[in-house]
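Below is one structure, written out as structure tokens; the observations come after it.
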Amino acid sequence: MQRIALAFVLAAIASGQKFDVASIKPSHGDIHRVAIGMRPGGRFNAQNVSVKQLITIAYNVREYQVTGLPSWADSDRYDIDAKPEGASATPPPAGIPSAAELQTQQEKMRAMLRDLLADRFGLKIHRESKELPIYALVVAKNGPKLEESKQQAPADGDRPRGQTIRMGRGQVSGELMQMSMLVNQLSTILGRNVVDKTGLTGRYDIKMSWTPEDGEGGLFRGPRPDGPPPPASGDSGPSLFTAIQEQLGLRLDSQKGPVDLIVVDHVDKPSEN
């Protein structure tokens, strides 16, 4: 299985800022372990990352939403260390950042990464929307089996302290979770858009486990063809679909709906450092 570690801090990134220096080298690390992060001062660091993964971060989409890539863009791995213009002169702000501040800085980082992909990989894309198979998350026949969180969200609507989500192979859990967070994780696991049609608006403490199948997407995927086999699993448990119904009182219905796609028109292997 492939593990992707994501780490971001609030960096003082100016609008329109670009990476001034970027080192891109072929990676020879463990293909099942990827680390991507934004460091203090806006420095971007990635180990063992594919071009496809970079595109998903830069355009804030999932892997199944990226089409038209050559095979090397998913198989070849790179180590990247990119430093923005004037990074040393802009220390990160003090204190705990708000959700709005984090979102703003992450979008600035994505814009810088899009520039890097265009400059060093010659990436050219266009966007399309297609009618594709999706899943709708609905309430099951006997009603939801969700534990509503005792802690309440702040009155200002900011991200509540204590809101967490943990995802491992065959398990998802979290506190103060909204349905939007759950469908986001399910979309990643299933490799297909999942839309919330439960009508549930609360925040819940959720714990769910299932027996994963080979090929499940996202942070904990099945083995790559050139990688070692996964460890032997223990006692078999329910499938993801069964676990959602039995443990959460919800259900996934197969439907069709519009899906936004990133279509790659051109991409090259990275230019020299």
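Among the residues of region 105-123, is any aromatic (Phe, Trp, Tyr), more than 20 Å from the chain's Cα centre (by Cα) and modelled with pLDDT of 95 or more? Checked region 105-123: at least one residue is aromatic (Phe, Trp, Tyr), more than 20 Å from the chain's Cα centre (by Cα) and modelled with pLDDT of 95 or more. Figure legend. Inter-residue proximity from region 23-43: first residues at pLDDT 70 or above and polar (S, T, N, Q), second residues crowded, with 18+ Cβ neighbours inside 10 Å and not in a strand (DSSP E or B), beta-carbon distance below 7 Å, spacing 6+ or different chains. Indicated pairs: Ser27/Arg77. Just one of the listed residues (Lys130, Lys124) is closer than 19 Å to Gln53 by Cα and of a type outside the set (Asp, Glu), and it is Lys124. Residue count for region 239-273, restricted to those that are buried (at least 16 other Cβ atoms within 10 Å of the Cβ) and either at positive phi or at pLDDT 95 or above (or both): 15.
For region 240-267, a residue qualifies if it is over 22 Å from the mean Cα position of the chain (by Cα), assigned by TED's automatic domain parsing to the domain that holds Glu148 and not in a helix (DSSP H, G or I), and the qualifying residues are Gly249, Leu250, Arg251, Asp253, Ser254, Gln255, Lys256. From the set of residues in region 127-150 that are among the basic types (Lys, Arg) and in a strand (DSSP E or B), which is nearest to Met208 (Cα to Cα)? Residue satisfying both the conditions and the ranking: Lys130. Filtering region 183-216 to residues that are surrounded by 17 or more Cβ atoms within 10 Å (Cβ to Cβ) and of a type in the set (Ser, Thr, Tyr) leaves Ser187, Thr188, Thr198, Tyr204.
For region 116-126, a residue qualifies if it is surrounded by fewer than 17 Cβ atoms within 10 Å (Cβ to Cβ) and in a helix (DSSP H, G or I), and the qualifying residues are Ala118, Asp119. Identify all residues within region 56-104 that are more than 21 Å from Phe19 (Cβ to Cβ), modelled with pLDDT of 85 or more and assigned to a helix (DSSP H, G or I); write none if there are none. Answer for region 56-104, where residues must be more than 21 Å from Phe19 (Cβ to Cβ), modelled with pLDDT of 85 or more and assigned to a helix (DSSP H, G or I): Glu63, Tyr64, Gln65, Trp72, Asp74, Ser75. Within region 210-224, does at least one residue satisfy the condition of being modelled with pLDDT under 95 and of a type in the set (Val, Ile, Thr)? Yes; the residues of region 210-224 include at least one that is modelled with pLDDT under 95 and of a type in the set (Val, Ile, Thr). Listed by first and then second residue, the pairs with beta-carbon distance under 7 Å, at least 6 apart or on different chains, first residue in region 179-191 and assigned by TED's automatic domain parsing to the domain that holds Val138, second of a type in the set (D, E, K, R), are Met179/Asp196; Ser180/Asp196; Val183/Asp196; Ser187/Arg62; Thr188/Arg62; Ile189/Glu216.
The values are calculated or read from the model by the stated rules, or taken from the named source; none is laboratory data. Quantities reported herein were computed from a predicted structural model and do not represent experimental measurements. So basically every Cβ, Gly included, is an ideal-geometry build from the backbone, and we count neighbours across all protein chains shown.
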